[in-house]
Structures are given as C-alpha cells and as structure tokens.
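Values quoted throughout were computed directly from the atomic coordinates according to the rules given, and no laboratory measurement underlies them. All figures in this text were calculated on a predicted structure; none of them were measured in a lab. All Cβ positions, even for glycine, are placed from backbone atoms using ideal geometry, and neighbour counts span all protein chains on display.
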Amino acid sequence: METLERIMSNQPAQPTDTASNGNNPTRTRASRRIDTATISEIARLCARQLSESESCRKIGIKPQHWFSWKSRHNRSEKFAALLEEFRAGRIDSLITKIESAADGVNMKQPDWRAAAALLKFADLKRFGDSPAVEINNSPAPLISDDVAAKVIAIFNKQKALAAQSAPKQIQDAEIVPERVAKNE
C-alpha cells in the first residue's frame, strides 16, 4: 500500500538531497546478464533459423546489448564457431529422425517419403524434384552454313520475281493536278 501511495504522488523512493545519491541519476540495470547459458540459448535458437535479434528478444535480452557484448574482445568469432557447432548438431539430429522414419523405428510402417528426402540430400542432381539444367556455352547451329546460304538465295530470287510481276499500285501512279473551271 505504501508503494502505491508513493507512485501516485510521483515521489522518488530515495530523497534527492542525500549525500549517498548526489546529483547522478540512477542507472537502470540490464535486462539480463549474458552468461554461458544465455549464449548457448541464443546459438540454439539461431540454429533453428531465427535471427540473432529475434533470439535475443525471445529470451529477454535487448539486441543492442547482445551485439555490443559480442563485439567486445572479438567474441563474434567464438560465437560463430559455437553457432556452427549447434547447426551441425541440429542437422545431424534431423537426419537421424529422417533415417529412423525411413526405417520405421517406433512406427507402424516405414515412411518412403523420408527415404526420398535422404536421397535428395545424398544426390540432388539425380534425385531432386526438378532436373538440373545444364547450359552449353556453344550451342550447335540448327542448320549448316551452306544450307542457310541456299535458303537466303532462294528468298532473294523470289523477292526479285515478285517485285517485277507486281501490278502498279495506286500510290505508284503519277498524280496529275485537276483543273477546276471557274464560273464567272
């Protein structure tokens, strides 16, 4: 009840004129101390495809506090190594789960889709969903050069014949101005 009255009256918990307080404002404490458990929890969450900022927010740390802690004394390299170890462990556990599903361990029946997923991991080129497209740098011509030259010669010959035998069009005719008679 006493703290509610103090909050309502907007008075500080400690008087400002005491010698122990001085004129320095009180510093707010960090939301959570970064220790080995916190570091491993962030690495575990990042291994599950969360960003570092998302991981920090999830466990109650300000991302800015995490990044400043990590940048001190080259801790980012150590964290990268730890994160790689966690990711390798996660991949290994997922592959173990897929293998046990393919073998039918603790299941009524084996799941063929798990075996198909393992084949994709093993050889994506042969067992992937879409076939890999190989692009050839020098494509083979569709027709040879001498056949192309013959086709062009035939086309030019037909074009010349069509131009000779074509009837005159109206736009090709000579335009003669008409004389207009004036009635005076």
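Once you place label points 7 Å from the Cα toward the Cβ at residue 109 and residue 36, how far apart are they in nm?
4.8
Where a Cα-Cα gap under 27 Å defines reach, which lysines qualify for residue 120, not counting those fewer than 8 residues away within the same chain?
Cross-link targets: 97, 108.
Excluding same-chain residues fewer than 8 positions from residue 62, which lysines have a Cα within less than 30 Å of its Cα?
70, 78
Can you pull the one-decimal nm distance between simple spin-label points at residue 150 and residue 80, each 7 Å off the Cα toward Cβ?
Each label point is offset 7 Å from its Cα along the Cβ direction, giving 6.4 nm.
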